[in-house]
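Asker: Below is one structure. I have some questions about it.
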Amino acid sequence: MRLLRKKTVDAGSLSASRRSFLAAACGLAAAGTASCRSKGPGVPDDVLAAIPLASLPAGQRTVLSVHDKPVEFLRTEKGIRARSLKCTHLGCELAWVEADRRYRCPCHEGTFDDEGRVVSGPPPGPLRTFSVTVQGELALVRA
Ligand code: FES
């Protein structure tokens, strides 16, 4: 499992610098609350990523790199949603645009709604989702 924190932003401001968030990820690891490159003891083998709940602020979209792929996490009162931000057309990284309530692909103008369904453009299918369960203070991400 590889985990790098990329960014945590308010829903309306997804243009924040990724580099600063990468630095924040390793800062978390140094503080002992997360690991950039290992799952840690007691985490089942089928888990792709073990993320400290503290790094998933409620109501905010948090983008992490899971196995070198961008995954958006959204923690609400209903639970934690995890969705791939790789476009299903040719794999470009999507960005959430709060004003439009859409994920937009910079490559060929594909768009997806907040449920990950294709709205327009060439993407052939919806965005991939991941299962997330909570174990103690960790969010466990599975395929
Ligand atoms: S890669 Fe996203 S629309 Fe082509």
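Coordinate-derived values only; no laboratory data. Nothing here was measured: the structure is a model prediction, and the numbers come from that model. Reconstructed Cβ throughout: ideal geometry from the backbone, glycine too, with neighbour counts over all protein chains shown.
Asker: Out of the residues in the stretch 72-97 meeting the condition of being in a loop (DSSP other than H, G, I, E, B) and surrounded by fewer than 21 Cβ atoms within 10 Å (Cβ to Cβ), tell me which one is farthest from the ligand (Cβ to nearest atom).
Answerer: This residue is Glu77.
Asker: Residues of the stretch 127-143 being of a type outside the set (Phe, Trp, Tyr) and part of a strand (DSSP E or B), which ones?
Answerer: Selection gives Thr129, Ser131, Val132, Thr133, Val134, Gln135, Leu138, Ala139, Leu140, Val141, Arg142.
Asker: Give the residues of the stretch 102-126 that are part of a strand (DSSP E or B) and either within 16 Å of the chain's Cα centre (by Cα) or under 12 Å from Gly91 (Cβ atoms) (or both), sorted by residue number.
Answerer: Once the filter is applied, which keeps residues that are part of a strand (DSSP E or B) and either within 16 Å of the chain's Cα centre (by Cα) or under 12 Å from Gly91 (Cβ atoms) (or both), the stretch 102-126 yields Arg102, Tyr103, Arg104, Phe112.
Asker: To continue, here is another question. Between Val118, Val141, which is of a type in the set (A, V, I, L, M, F, W, C) and within 16 Å of the ligand (Cβ to nearest atom)?
Answerer: Being of a type in the set (A, V, I, L, M, F, W, C) and within 16 Å of the ligand (Cβ to nearest atom) holds for just one of Val118, Val141, which is Val118.
Asker: Which of (1) crowded, with 20+ Cβ neighbours inside 10 Å; (2) under 11 Å from the mean Cα position of the chain (by Cα) does Phe130 not meet, given it meets every other one?
Answerer: So Phe130 meets the others, but not (1).
Asker: Also: Would you please list the contacts, defined by Cβ atoms under 9 Å and residues six or more apart or on different chains, that run from a residue in the stretch 69-94 that is without any contact (Cβ under 8 Å) to a residue 60 or more places away in the chain to a residue that is among the basic types (Lys, Arg) and not in a strand (DSSP E or B)?
Answerer: Arg83/Arg128; Ser84/Arg128; Lys86/Arg128; Thr88/Arg128
Asker: Would you pick out the residues in the stretch 108-118 that are surrounded by fewer than 16 Cβ atoms within 10 Å (Cβ to Cβ) and farther than 25 Å from Leu53 by Cα?
Answerer: His108, Glu109, Asp113, Arg117
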